[in-house]
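Colleague: Please read through the structure below; I'll follow up with questions.
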Amino acid sequence: MGKPGSGKSSFISYLSTQLPIMAKSRPYYIIRLRNMLKEQINANDPIQGLLDYMITDRSSLNNSIVILDGLDEICALYFHIYLKKLLQNLSMIQGLQLVLTSRTGYFKVDKAISNFCLTLHIEDWDNDDLDLWSMKYEIIHPNLRGTIESNRLHLEEAKYSDKKAIFAVPILFYMANARAELLSKHKN
């Protein structure tokens, strides 16, 4: 879970590049829920909706890895019903591992959910996170050292502390540095 732009989908994209190695012969599925049709997001039978979207059958989920990106993009009217039924139904499939992403605040991790899930939260970076990431990124991209240093110092200045909540989410800080764009140019 994390705020918009915190890097949830980017993490899933990275994870998808590692899955062929990590999963070995296990089947895996990556589903961006925003791409599913309204009819496929079925609160009464969420598994069947997923199977229809994936064009597969229930037995193909045995010992598989299923990644559902953007759980928060499901209709709020039946979000909680969908999630609980989804977790209950998927827990009955042998060997299935499930990864879900969602924006923070869309559901509360209650006892029923915590029985099925380990939850992780992507938070805004603090100065230590910015320093550590900057050092590692500079090693990989030495030609961006000046931009990275300027952006890191910009966010660490007290007068810009109100902007840290905006720019210090991982994906925005990464994109600015990767494009050699100075955050100091942005007034809003």
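Colleague: Can you run down the residue pairs with Cβ atoms below 9 Å, 6 or more apart or on separate chains, where the first is in the stretch 116-127 and closer than 16 Å to Gly7 by Cβ and without any contact (Cβ under 8 Å) to a residue 60 or more places away in the chain and the partner is open to solvent by less than 60 Å² (accessible area, probe 1.4 Å) and outside any loop (DSSP other than H, G, I, E, B)?
Modeller: Correct list of pairs: Trp125/Trp133; Trp125/Leu155; Trp125/Lys164; Trp125/Pro170; Trp125/Phe173; Asp126/Lys164.
Colleague: Shifting gears a bit: Report, by residue number, each residue of the stretch 61-88 that is in a helix (DSSP H, G or I) and modelled with pLDDT of 90 or more.
Modeller: Leu61
Colleague: Oh, and also: Kindly provide the set of residues from the stretch 8-49 that are among the basic types (Lys, Arg) and part of a helix (DSSP H, G or I), ordered by number.
Modeller: First, pick out the residues of the stretch 8-49 that are among the basic types (Lys, Arg): 8, 24, 26, 32, 34, 38.
Listed by number, the residues that qualify are Lys8, Arg34.
Colleague: Any idea how many residues of the stretch 40-57 are among the charged types (D, E, K, R) and either surrounded by 15 or more Cβ atoms within 10 Å (Cβ to Cβ) or in contact (Cβ under 8 Å) with a residue 60 or more places away in the chain (or both)?
Modeller: To start, the set of residues in the stretch 40-57 that are among the charged types (D, E, K, R) comprises 45, 52, 57.
Filter once more, so that each one left must be either surrounded by 15 or more Cβ atoms within 10 Å (Cβ to Cβ) or in contact (Cβ under 8 Å) with a residue 60 or more places away in the chain (or both): 52.
The qualifying residues number 1.
Colleague: I would also like to ask the following. Quick check on Gly95: is it in a loop (DSSP other than H, G, I, E, B) and closer than 30 Å to Tyr174 by Cβ?
Modeller: Values: in a loop (DSSP other than H, G, I, E, B): yes; closer than 30 Å to Tyr174 by Cβ: no.
Answer is no for this residue.
Colleague: Taking into account only those residues within the stretch 16-34 that are out of contact with any strand residue (DSSP E or B) (no Cβ under 7 Å at 6 or more places or on another chain) and farther than 21 Å from Ile81 by Cβ, which is surrounded by the most Cβ atoms within 10 Å (Cβ to Cβ)? Write out each step before concluding.
Modeller: Taking the stretch 16-34 first, the residues out of contact with any strand residue (DSSP E or B) (no Cβ under 7 Å at 6 or more places or on another chain) are 17-18, 20-22, 24-25, 27, 34.
Cutting the leftovers down to farther than 21 Å from Ile81 by Cβ gives us 17-18, 20-22, 24-25, 27.
Values: Thr17: 8, Gln18: 9, Pro20: 9, Ile21: 7, Met22: 10, Lys24: 7, Ser25: 5, Pro27: 13.
Checking each candidate, the answer is Pro27.
Colleague: For Asp131, indicate whether it is in a helix (DSSP H, G or I) and either open to solvent by 60 Å² or more (accessible area, probe 1.4 Å) or under 21 Å from Arg32 (Cβ atoms) (or both). Break it down stepwise before answering.
Modeller: Numbers: in a helix (DSSP H, G or I): yes; either open to solvent by 60 Å² or more (accessible area, probe 1.4 Å) or under 21 Å from Arg32 (Cβ atoms) (or both): no.
For Asp131, the condition - in a helix (DSSP H, G or I) and either open to solvent by 60 Å² or more (accessible area, probe 1.4 Å) or under 21 Å from Arg32 (Cβ atoms) (or both) - is not met.
Colleague: On to the next question. Condition check: open to solvent by 30 Å² or more (accessible area, probe 1.4 Å), assigned to a loop (DSSP other than H, G, I, E, B) and not polar (S, T, N, Q). Does Tyr106 satisfy that? Lay out the reasoning, then the answer.
Modeller: Working: open to solvent by 30 Å² or more (accessible area, probe 1.4 Å): yes; assigned to a loop (DSSP other than H, G, I, E, B): yes; not polar (S, T, N, Q): yes.
Spelling it out, Tyr106 is indeed open to solvent by 30 Å² or more (accessible area, probe 1.4 Å), assigned to a loop (DSSP other than H, G, I, E, B) and not polar (S, T, N, Q).
Colleague: Looking only at the stretch 13-50, how many residues end up being at pLDDT 85 or above and touching an Asp or Glu at 6+ places or on another chain (Cβ under 6 Å)?
Modeller: Number of matching residues: 3.
The values are calculated or read from the model by the stated rules, or taken from the named source; none is laboratory data. Here the structure is a predicted model, which means the values were calculated and not measured. Note: ideal-geometry Cβ built from the backbone for every residue, glycine included; neighbour counts use all protein chains shown. In case anyone asks, the SASA skips ligands and DNA or RNA and just uses the protein heavy atoms, side chains included. Shrake-Rupley method; radii C 1.70, N 1.55, O 1.52, S 1.80 Å.
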